[in-house]
Each structure stands twice: as structure tokens, then as C-alpha cells.
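*Asks:* One structure coming up, written as C-alpha cells, with questions to follow.
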Amino acid sequence: MDLSPSETPRLTRPDTDPDRARVLVVDDDERNLLAIRTVLEDVADIVTARSGEEALRHLLKDEFAVILLDVYMPGMDGYEVAHIIRGREQSKRIPIVFLSAVNKETEHLIRGYAMGAVDYVFKPVEPVVLRSKVAVFVDLYRMRGEIERKAREQEELLEANLKTTGELIRAEQELRVAEQRQAAIINSLPIVLYLEPLDRRPRWPAFVSGDLAAITGYSIEEIAANPRLWEERLHPEDRNHVLAALAERRTTGRQSIEYRWRTRDGSYRHFLDQAVLLPDDRGGAGEFAGTLLDVTERKALETQLLQAHKMDAIGKLTGGIAHDFNNLLAAVLGGIGLIERRIELGEEQKKILGMTRHAAEQGTELVRRLLAFARRQKLQPAPIVLAELSRRLNELLAHTLGGLVDIRWDGMAGGWNVFADETQLELALMNLVINARDAMPDGGTVTISVANHAIGEGSPLGLSAGDYVALSVRDTGEGIAPDVLEQVMEPFFTTKPVGKGTGLGLSMVYGFARQSGGAVEIGSEVGNGTIVTLWLPRVPGGVRIEASAGEDGSLRDTQRPLHILLVDDHEGVRAMTAAMLGELGHQVESVRDGNLALRQMEAADSRWDLLITDYAMPTISGSELLRKARAHAPDMPALLITGYADPETIGARPEDVQVLVKPFTIEQLRAAIGRCAG
């Protein structure tokens, strides 16, 4: 049969009997497909494919008795297609017959068999031979289907027999074997199977399968001896809804309840208790068949996930609040600085102004802690030698802890060097030690220990694989109740009396650790103290970070007067910054948004010696303004000021653009100008 592709319509699978065997024919030549279809259409349903990709799509949807596969096709050849078919679980047992017009040599035949072929048919195809070979595989497919059908029928018959002959199944020997097998499986799982009479009050099971003692701490005999034990050990907050659900199940015939239950050791476990009502032999209500599943670990994971989402949401909120506070504090502190420079004040006035400055600086510290929790503060990680850190902190903490509390350092000399911001680490450890001191009003010991750990993939703390240093602060104080432990790292949450704490200490530690690539782990037992562990990454191999220059490293005694363009959308900050620049002897033109600044630059792009712009503005960001400004004046120095921004976003600025964080003093402003336009 010799039909050209242009004369032959596209062959598609017709509507067929779903129980009839199917044969998949794969060949890029439409004429070969038509010829094979004509030869085999009375043997089976023929499904055709003109490429390996199309054949694989068919195999995802249908089952086939045999696959006739052309060896040479454009794209994937037959060998590649056969290799993929054999690699898939759902298709690896389908027989493959290669169709080939060339390469009858032994080495090619062996390659085909190695790829999974069971036979070869050489073109031009002899119809009788092809029909005979395919018919064998179709018959085998039908026989297999018949065997499977009979197996299903036998299985259904067996199930029917098992159901109708339940008393025979309970024969002693078979029951013993079944119970042993089931007990082995159930005892390895945190689950108990039980049967409970419908009208038994108080509630306790008549039959239990599984290791009840491992889950609850009590044997079935102990529960039978004290039938009220189950109800008495329900968590007080769960008792009412559990008892209501048990009363309702008499009507619905089923139950599914979660509750907390106090085990023998005094700890509460989370149980999922499910049951359905089974009829008795006469069709009436008989007994409940149920499962008691220990879901404590699942609940703990759910709680961790919920806590992570909650902390992330709070972090985003506090980060935004910190930005607004910084704008306000910039105006306040800037104004105080100008008053001190411009006005001769009396002692009483200086005292009042000093109190005002102190309050504003406390606000700055509060904002810094918010940014630490929100993980938005700018960190400067560097290698930290723990032995040196402990010596410095020991001197600071000796006066803070007082005579009733001892501090002990353990293993500092053997700890790896930590890669983190040293100032923030010192502050974090001081916060943890002060919290430990406050938890021991009658005195005690605070132990700061270090341990080195190599963490693999899948850390429960969410750490990436690598080397970490675990810094632990342990106290011998009162401990923290379990229902409070989940909240202690939330900002503004504190168990201390009013006026004794802001509730930001642990949240700052948490934010610092996460931003540093580490984690915080906290454990506590009421009456036995608390341990907080700070996980921080080890110094990467070969890292050398030079100490940064001081803030005033480039500050000169005098600066030449500059013509400065100031851009800030916050009116108070803009006015105060302009006044500070004027105090420094500079000529300032200030505008409220970046678009207005760009229009002025387009009119005269060489009028200004320096561009100072806010980072976060509503119409155009400071970074975008800098990029467009450089198009008009490529060499114009620039300074970026910000109350809050993502460090990575700021990092996209040009390398020669300095960043000044709000709130800033007039001296800090002078230093920044000296560095970028000196």
C-alpha cells in the first residue's frame, strides 16, 4: 500500500468498545500507519501516534496489549521511546515490538532487546506474520484481563463469604493469627482500636487493641477498675464539648472529636477520637467501633506553622510602623539639635531639652527593636571569637546581675567562631541574661554554654544545612507555663509587671537570629527554669571582613558650602533636614516629590552640587529618582536617607551613593555629606 502523506487523512482513534484490546502503533509515516491499521483492525482497536511524544501521551491515558514501535523517527527514536516506556511503572510491562526497515544486524537487534523489545518485525511488513504476532499478545492481554476479572469476582465472593460467615472467621486459630498480625501493626503506631458498648456509663471500652499504656500511661485493667478515670483526666477546657459530642453520637451514630487528656506522667496529649455505631446481629444498635489516635506531634507542627505565619505578619506590621516612627523622630531630634545650636539656653531649659532628647532617643531604641523583630535592621556580620565576647560581656553583666545571681560560662574556648553582627549579638545575650535574672528574684545561676553542630537537610528549626553554633542561656528560675511559652517571642508580650519591661527583648532576639540566618529555640518547665538557645551560623571558610571605618572617619573640620537639592515627601522631616543643612552653611532647595525634582533637573541639570533624597516616597522611590537623575547629571553626588527599607532593595543603589538612616543628628548628616561630596 503506497499512499503519500498529502493524500492520507490524519488517523485518530475511533470510538471503540472500552473492553476490547487496544494496540498502539507508533510510526512517523502515515502510509505505514494506514497499512498496519488495515491489517490489524479486526484483531484489536488500533491507536496511532506519529511521534514518540504523542505515543507517551496515549500511554498516560490508556492501556495497550502491545506497542508496535518504529525504530527510526524524527525527534525521539524508537530506542529512546522504549527506554522511557520501560522506566514508567504504569507502562513497563507492555510488550514492545520494533518495526524496522534497516539495521538487521545482530548488534542493532541486541540494542533493541536491551531497550525492552520482545520482538522485531522488518519492513515491508508481511501481513500474516504481523497479524499472528499481534494476535498472540492480544490473546495474552485478554487472558490476563480475564484472570484479573475472575480474581476480582473471587475477591468479591470471598468478601461476601467472609461477611456471611462471620462466626466461622472467629474460629480460634484464625482469630489468634489475625490478632497477632494486627497487634504487631497497631502496636507500632500511636493508635488504639476499641469497642465500646452503646449505653455504658461512665465511658470505658470493652475491648482494646493496641498499646494503650504507651499512649496514655494506663492499662485497660486500670481503666476498668476506675471507670471514671477517662472523664476525670480530660482537660478542663475540653471537657464540656467532649461530653456534648458523646451525648450527640447516640443520635448521629458517629463521633469525631479532638481533645487534650492528661496521661499518667501529668503531661497532656492531643487525641483524635473517632467512632461509628455498629449494629448487632439482629440489626439493632450494638456498640461503637472506634480509634484513639495520638496527634500531639501533628498539633505541635500546626502550632509551629501558625506561629511562623503570625510572627511574619507581625514583623511586616512592625516594620511599617518603624518607618513612620523614624520620620517623626528625625524631625524631633533634628529640631532639638537646632535649638541647642541656635539658642542660648538656661540650665532649667537645658534640663527640659535634655529630657526631651532622652525621650526621643528612647523612641529611637524602641524603633530599633521593632526593626530587629521585623528583621529589617541593617546588620554588619563579621567573625566573632566567643572567648573574647564572653570576657567583655562578663564585665558588663557583673554589675547588672547583682550579688544574688551568679553567671557561669561553659565551653566558650571550644566554640566555633560565629558569623553575625557583634553589637546585636551582645545585645541579644544581655537581653537573655537579664530575663534570666528577673526569673530568679531570690537568686540563682545563669549558665551560658556553647555547642557546635553540623545541621543536615530538613532541620525542625528551619535551618539550612551547614555548621552552626548553639549559644544557650539557662536559668534556675520559676519557668514558663506551656500556654504562655508560645507567646513569649511576640513583640510587646511580657509576663513582667507594668513598667518592668517592654516585651521586646525576646522578639528582638528572634528577629536578630532569623535575619542572621539562624533560629531561636526555647524550652521551659514550671519550677525548673528556662533555657533559650540562639542558633547562629559558623564563619564560612575564607571569610575576612575588615573593620569598617568609624562614622566620622571622613568628617572634616570644615566643609565648603554646597548647593543641595533636597527631596522628601514628609513635610516635617523635609523642613528639619533643610534647616540642619542651612545650619551647616549649605544652600538648600527642597521639593516634596521626585517628579518635581526631575523637572527641575531637566531645566538646569548642573545647578546642584549634591542630591539628597528620601528612599520611600509615594510617586517615585529614591532609588528610581537617583537612576533618572544620573541620566541628566552622571557625576552628581547623591545621598539616600531612609526611615525603613529592605536592605536588598537599598543594595541596588549605585555604589557611590551613601545611605543615612533616620533619625540622624546634625553631626551624622555632616559626616555623610563629607563622605559623598567632600
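The values are calculated or read from the model by the stated rules, or taken from the named source; none is laboratory data. Just so it is clear, the structure is predicted and the values come from calculations on it, not from any experiment. Cβ: placed from backbone, ideal geometry, glycine included. Neighbour counts: every protein chain shown. To get the accessible areas, we keep the full protein, side chains included, count just its heavy atoms, and leave off ligands, DNA and RNA. Shrake-Rupley method; radii C 1.70, N 1.55, O 1.52, S 1.80 Å.
*Asks:* Among the numbered conditions (1) open to solvent by 30 Å² or more (accessible area, probe 1.4 Å); (2) at positive phi, tell me where residue 427 comes up short.
*Replies:* (2)
*Asks:* To continue, here is another question. Quick check on residue 530: is it open to solvent by 30 Å² or more (accessible area, probe 1.4 Å) and at pLDDT 75 or above? Give the steps one after another, and end with the answer.
*Replies:* Details: open to solvent by 30 Å² or more (accessible area, probe 1.4 Å): no; at pLDDT 75 or above: yes.
Against the criterion (open to solvent by 30 Å² or more (accessible area, probe 1.4 Å) and at pLDDT 75 or above), residue 530 does not qualify.
*Asks:* Can I ask one more? Within region 264-278, is even one residue outside any strand (DSSP E or B) and farther than 24 Å from residue 481 by Cβ? Write out each step before concluding.
*Replies:* Initial filter on region 264-278 (outside any strand (DSSP E or B)): 264-267.
Of the ones still in play, those that are also farther than 24 Å from residue 481 by Cβ are none.
No - not one qualifying residue is present in region 264-278.
*Asks:* Taking the stated definitions as given, is residue 570 within 27 Å of residue 333 (Cα to Cα), at pLDDT below 85, crowded, with 19+ Cβ neighbours inside 10 Å and not hydrophobic (A, V, I, L, M, F, W, C)? Please lay out each step first, then the result.
*Replies:* On the way: within 27 Å of residue 333 (Cα to Cα): yes; at pLDDT below 85: yes; crowded, with 19+ Cβ neighbours inside 10 Å: yes; not hydrophobic (A, V, I, L, M, F, W, C): yes.
The answer is yes for residue 570.
Each row is one residue, and each column tells you yes or no for (1) assigned to a helix (DSSP H, G or I); (2) under 23 Å from residue 516 (Cα atoms); (3) free of Cβ contacts under 8 Å to residues at least 24 places away in the same chain.
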residue: 389; (1), (2), (3): yes, yes, no
residue: 416; (1), (2), (3): no, yes, no
residue: 446; (1), (2), (3): no, no, no
residue: 467; (1), (2), (3): no, yes, no
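*Asks:* If a residue has to be without any contact (Cβ under 8 Å) to a residue 40 or more places away in the chain and either surrounded by fewer than 18 Cβ atoms within 10 Å (Cβ to Cβ) or on the phi > 0 side of the Ramachandran plot (or both) to count, how many in region 593-616 make the cut?
*Replies:* 10
Per-residue answers, yes or no, for (1) modelled with pLDDT under 75; (2) of a type outside the set (D, E, K, R):
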{"site": "344", "(1), (2)": "no, no"}
{"site": "352", "(1), (2)": "no, yes"}
{"site": "383", "(1), (2)": "no, yes"}
{"site": "387", "(1), (2)": "no, yes"}
{"site": "399", "(1), (2)": "yes, yes"}
{"site": "408", "(1), (2)": "no, no"}
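*Asks:* Further, regarding this structure: Looking only at residues in region 94-104 that are modelled with pLDDT under 85 and open to solvent by 10 Å² or more (accessible area, probe 1.4 Å), which one is nearest to residue 32 (Cα to Cα)?
*Replies:* 101
*Asks:* Write out, first by first residue and then by second, each pair whose Cβ atoms fall under 7 Å of each other, whose residues are 6+ apart or on separate chains, and whose first residue, in region 141-165, is assigned to a helix (DSSP H, G or I) while the second is surrounded by 10 or more Cβ atoms within 10 Å (Cβ to Cβ) and modelled with pLDDT of 80 or more.
*Replies:* Correct list of pairs: 141/21; 141/65; 142/21.
*Asks:* Test each condition in (1) out of contact with any strand residue (DSSP E or B) (no Cβ under 8 Å at 6 or more places or on another chain); (2) part of a strand (DSSP E or B) for residue 453 and report the one that comes out false.
*Replies:* Among (1) out of contact with any strand residue (DSSP E or B) (no Cβ under 8 Å at 6 or more places or on another chain); (2) part of a strand (DSSP E or B), residue 453 violates only (1).
*Asks:* When you check residue 514 against the structure, is it in contact with a helix residue (DSSP H, G or I) (Cβ under 6 Å, 6 or more places away or on another chain), within 27 Å of residue 387 (Cβ to Cβ) and either at pLDDT 80 or above or assigned to a strand (DSSP E or B) (or both), yes or no?
*Replies:* On the way: in contact with a helix residue (DSSP H, G or I) (Cβ under 6 Å, 6 or more places away or on another chain): no; within 27 Å of residue 387 (Cβ to Cβ): yes; either at pLDDT 80 or above or assigned to a strand (DSSP E or B) (or both): yes.
Judged against the criteria, residue 514 is not a match.
*Asks:* Turning to a different aspect of this structure: From (1) at pLDDT 85 or above; (2) charged (D, E, K, R); (3) open to solvent by less than 30 Å² (accessible area, probe 1.4 Å); (4) under 19 Å from the mean Cα position of the chain (by Cα), pick out the condition that doesn't hold for residue 521.
*Replies:* Going through the list (1) at pLDDT 85 or above; (2) charged (D, E, K, R); (3) open to solvent by less than 30 Å² (accessible area, probe 1.4 Å); (4) under 19 Å from the mean Cα position of the chain (by Cα), residue 521 breaks only (3).
*Asks:* Which of the residues belonging to region 219-243 are in contact with a strand residue (DSSP E or B) (Cβ under 9 Å, 6 or more places away or on another chain) and either on the phi > 0 side of the Ramachandran plot or hydrophobic (A, V, I, L, M, F, W, C) (or both)?
*Replies:* Correct list: 220, 223, 230, 234, 242, 243.
*Asks:* Out of 234, 272, 243, which single residue is under 38 Å from the mean Cα position of the chain (by Cα), open to solvent by 50 Å² or more (accessible area, probe 1.4 Å) and closer than 19 Å to residue 196 by Cα?
*Replies:* 243
*Asks:* Residues of region 215-235 being in contact (Cβ under 8 Å) with a residue 12 or more places away in the chain and assigned to a helix (DSSP H, G or I), which ones? Steps first, answer last, please.
*Replies:* Taking region 215-235 as the starting set, the residues that turn out to be in contact (Cβ under 8 Å) with a residue 12 or more places away in the chain are 215-218, 220, 223-224, 227-231, 233-235.
215, 216, 220, 223, 224, 229, 230, 231, listed by residue number.
*Asks:* If you don't mind, another one. Got at least one residue in region 292-315 being modelled with pLDDT of 85 or more, among the polar types (S, T, N, Q) and either at positive phi or outside any helix (DSSP H, G or I) (or both)?
*Replies:* Checked region 292-315: no residue is modelled with pLDDT of 85 or more, among the polar types (S, T, N, Q) and either at positive phi or outside any helix (DSSP H, G or I) (or both).
*Asks:* Is region 111-118 home to any residue that is modelled with pLDDT of 75 or more, surrounded by 10 or more Cβ atoms within 10 Å (Cβ to Cβ), aromatic (Phe, Trp, Tyr) and out of contact with any Pro (no Cβ under 8 Å at 6 or more places or on another chain)?
*Replies:* Looking for residues that are modelled with pLDDT of 75 or more, surrounded by 10 or more Cβ atoms within 10 Å (Cβ to Cβ), aromatic (Phe, Trp, Tyr) and out of contact with any Pro (no Cβ under 8 Å at 6 or more places or on another chain), one finds at least one in region 111-118, hence yes.
*Asks:* Please tell me if residue 216 is under 24 Å from residue 286 (Cβ atoms) and either open to solvent by 70 Å² or more (accessible area, probe 1.4 Å) or hydroxyl-bearing (Ser, Thr, Tyr) (or both).
*Replies:* The answer is no for residue 216.
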